[in-house]
Amino acid sequence: MKRLYFLIIMVAMMVAGAMESHAQVLAATGRPMSLKIDSISQRADLTRVYCRIIGKPHTSDRIDAATLELKGGKVKATDIDGVDFKRYFQWEDDGVIVLEIDFPPIKKQPRWLTLKTLRGDVSQEVKSDE
């Protein structure tokens with residue numbers, strides 16, 4: 001009887017290990033992050049975008065750059081708070097990270113915010129009421 005229990009426990013451990021490996025593969029190839037713009041502050045010294053990124057909890061990711069698309073061109077970000085450009089970060093339990101992204105001062109209304117990530121670009125349209 002003890003051997004039967006031992007065999008059942010061994011099979012359960014093998015199944016659990018296989019499930020964990022499958023979860024790691026899903027995390028590596030899983031859904032990309034999404035982006036939600038909360039507000040934009042256009043000041044004389046800079047333009048700051050307040051936003052949130054949403055991703056899969058307990059996985060890692062990286063943002064390499066951010067750009068604002070304007071009518072007639074693009075502007076690159078000068079600074080980011082919440083994570084660092086070109087450095088890996090860990091998604092916490094809720095999968096949400098609040099960001100503040102700084103750009104040079106702009107006069108025009110931005111159209112799109114784009115984050116360059118490891119898994120491709122993530123973009124959000126800037127609504128005119130933001």
Quiz item: Roughly to the nearest percent, how much of the accessible area of region 38-87 is carbon and sulfur, given a 1.4 Å probe?
Solution: 44
Quiz item: Among the aspartates and glutamates, which fall within straight-line cross-link reach of Lys127, defined as a Cα-Cα distance under 14 Å, with same-chain neighbours fewer than 8 residues apart omitted?
Solution: Asp38, Glu69
Quiz item: Using Cα pairs under 8 angstrom and six or more residues apart, how large is the relative contact order of region 56-130, in percent?
Solution: 38
Quiz item: Under a 1.4 Å probe, what is the accessible area of region 72-130 per residue, stated in Å²?
Solution: 66
Self-check item: Cα gyration tensor shape for region 36-130, rounded if a/c is under 1.5, else prolate or oblate
Solution: prolate
Exercise. For region 90-130, give the percent of accessible area contributed by carbon and sulfur heavy atoms, probe 1.4 Å, rounded to a whole number.
Key: 45
Practice problem: Lys and Arg at +1, Asp and Glu at -1: add these up for the other residues within a Cβ distance under 12 Å of Val98 and post the number. | Solution: -3
Quiz item: How much accessible surface does Met13 have with a 1.4 Å probe, in Å² rounded to 10?
Solution: 120
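The values are calculated or read from the model by the stated rules, or taken from the named source; none is laboratory data. Remember, predicted model here, so these are calculated numbers, not experimental data. Methodologically, a virtual Cβ is constructed for each residue, glycine included, from the backbone with ideal geometry; neighbour enumeration extends over all protein chains shown. Accessible surface areas use protein heavy atoms only, side chains included; no ligands, DNA or RNA. Shrake-Rupley method; radii C 1.70, N 1.55, O 1.52, S 1.80 Å.
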